[in-house]
Amino acid sequence: MTWLVTGGAGYIGAHAVKRLHAKGTNVVVFDDLSTGLVSRVPEGVPLVVGDVKDQAAVVAAIKEHGVTGVLHFAARKSVPESMKIPVEYYRDNVGGLVSIVGAIAETGVERVVFSSTAALYGLAPEEFLVEDLVVDPISVYGETKLIGERLLRFTSKTHGFSWIALRYFNVVGADSPELRDTSVGNLIPIVFRAIDRGETVQVTGGDFPTPDGSGIRDYIHIADLADAHVVAVDHLDAVAAGSVGEVYNVGTGKGSSVLEVLGAVREVTGLPVPHEVVDRRPGDPARGVAGVDKIRRDLGWTARHDLREMVADAWAAWRA
Ligand code: WQD
């Protein structure tokens, strides 16, 4: 089997490519290098530089490399940015997937793993967010990923391919400095940057209905997230084509509040983490924690790293 990994030079894609390549799965990276880094592509893994919206380029790569499955990471992923440039998010995230599915239909590829997101749960109040919840995204980013899941559900029936969508919760850490997330868009890199600059961390919201008033999220180690992709790829390679169409949460099932995260950063770094509580961000839910029974039951996967390990690995990658 050979897997085309779109966005494979990106933060999460590169962690998955590294593991698939190491276990002997044939992979080909397809990336426009808009945010991806060539240095993240392992020796011996072919890199095709291209735009996933260019269906002919995707078809050519599939044919040239005898691709039998597509791991589709390539997309824009910032919630606040998606609210500022929505058209670009629909064009790249939905348009990109339309092109991928068009290429799959054209070439008879029979397996897809799709990067989805917990952001599509919006303000769902449930203690554990489970895959069959009726959801109402409140960001364009989340909306583009929900559309993607529905697009796969319908087109897979017409074209007979299998697909798995993985809904990422809050991803933390990196295997190495080269693979770390270079966009300082999420809580932990924001905290590390504040430490480097001697600035005060702004805790966005202290009046949520949570034990300490700060927001609760399900933080997951990038190594666990990458492993979930390997499990999904192996599963699709093992079952008959067209027989699977599923959505899975990828999280730990455990929630951590912002103040608990700051506590873990203090423990790991040995540094004080000056912070102040400020207003909530518009649209921020109090809590977003994964229900993780389905992925464990169907794919036998569970997260293995705890918050302290995530923070320690993220700090090591940040400092290097
Ligand atoms: C985490 C917590 C904030 C910044 C994102 C997006 C999306 C998805 C999951 C991929 C919240 C608090 C934050 C700050 C703070 N990833 N915070 N001070 O919004 O939970 O979700 O990650 O699909 O990228 O949905 O992540 O890191 O922005 O916030 O107190 O300066 O940290 O209120 O409780 P979020 P985040």
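The values are calculated or read from the model by the stated rules, or taken from the named source; none is laboratory data. Keep in mind that what you see is a predicted model, and the values were worked out from it rather than measured. Glycine gets a Cβ as well: all are built from the backbone with ideal geometry, and neighbour counts include every protein chain shown. Keep in mind that these areas ignore ligands, DNA and RNA; they rest on the heavy atoms of the full protein, side chains included. Shrake-Rupley method; radii C 1.70, N 1.55, O 1.52, S 1.80 Å.
Remarks
- Checked against the criterion of being surrounded by fewer than 23 Cβ atoms within 10 Å (Cβ to Cβ), in contact with a helix residue (DSSP H, G or I) (Cβ under 8 Å, 6 or more places away or on another chain) and farther than 25 Å from ASP284 by Cβ, the candidates ASP234, ASP227 yield just one match: ASP227.
- Within the option set ILE164, ILE222, being modelled with pLDDT of 95 or more, away from the ligand (no atom under 14 Å from the Cβ) and within 28 Å of VAL247 (Cα to Cα) holds for one residue only, ILE164.
- Among the candidates LEU20, LEU33, residue that is modelled with pLDDT of 95 or more, at positive phi and under 18 Å from the mean Cα position of the chain (by Cα): LEU33
- Restricted to the stretch 286-317, and to residues there that are of a type in the set (Val, Ile, Thr) and open to solvent by 10 Å² or more (accessible area, probe 1.4 Å), the residue that is nearest to GLU126 (Cα to Cα) is VAL292.
- Exactly one residue among GLY251, GLY283, GLY242, GLY255 is in contact (Cβ under 8 Å) with a residue 60 or more places away in the chain, in contact with an Asp or Glu (Cβ under 7 Å, 6 or more places away or on another chain) and within 18 Å of PRO125 (Cα to Cα), and that residue is GLY251.
- Candidates in the stretch 191-209 are the residues that are near the ligand (Cβ under 8 Å from one of its atoms) and among the β-branched types (Val, Ile, Thr); of these, the one that is most open to solvent (accessible area, probe 1.4 Å) is THR204.
- Comparison of SER39, SER78, SER34 shows that the only residue that is polar (S, T, N, Q), surrounded by fewer than 24 Cβ atoms within 10 Å (Cβ to Cβ) and in contact with an Asp or Glu (Cβ under 6 Å, 6 or more places away or on another chain) is SER39.
- The listed residue being surrounded by 20 or more Cβ atoms within 10 Å (Cβ to Cβ) and within 30 Å of MET1 (Cα to Cα), out of VAL112, VAL98, VAL140: VAL112
- Figure legend. Inter-residue proximity from the stretch 178-207: first residues within 24 Å of GLY13 (Cα to Cα) and of a type outside the set (D, E, K, R), second residues within 10 Å of the ligand (Cβ to nearest atom) and open to solvent by 70 Å² or more (accessible area, probe 1.4 Å), beta-carbon distance below 7 Å, spacing 6+ or different chains. Indicated pairs: VAL184/ARG193.
- Checking ALA240 against (1) in a loop (DSSP other than H, G, I, E, B); (2) open to solvent by 40 Å² or more (accessible area, probe 1.4 Å); (3) within 13 Å of the ligand (Cβ to nearest atom), the condition it does not meet: (3)
- Check on GLY173, on the phi > 0 side of the Ramachandran plot and touching a strand residue (DSSP E or B) at 6+ places or on another chain (Cβ under 9 Å): yes
- Among (1) open to solvent by less than 10 Å² (accessible area, probe 1.4 Å); (2) touching an Asp or Glu at 6+ places or on another chain (Cβ under 6 Å) - the single one VAL29 does not satisfy: (2)
- Qualifying residue in the stretch 274-285 (condition: within 19 Å of GLY185 (Cβ to Cβ), open to solvent by 10 Å² or more (accessible area, probe 1.4 Å) and assigned to a helix (DSSP H, G or I)): no
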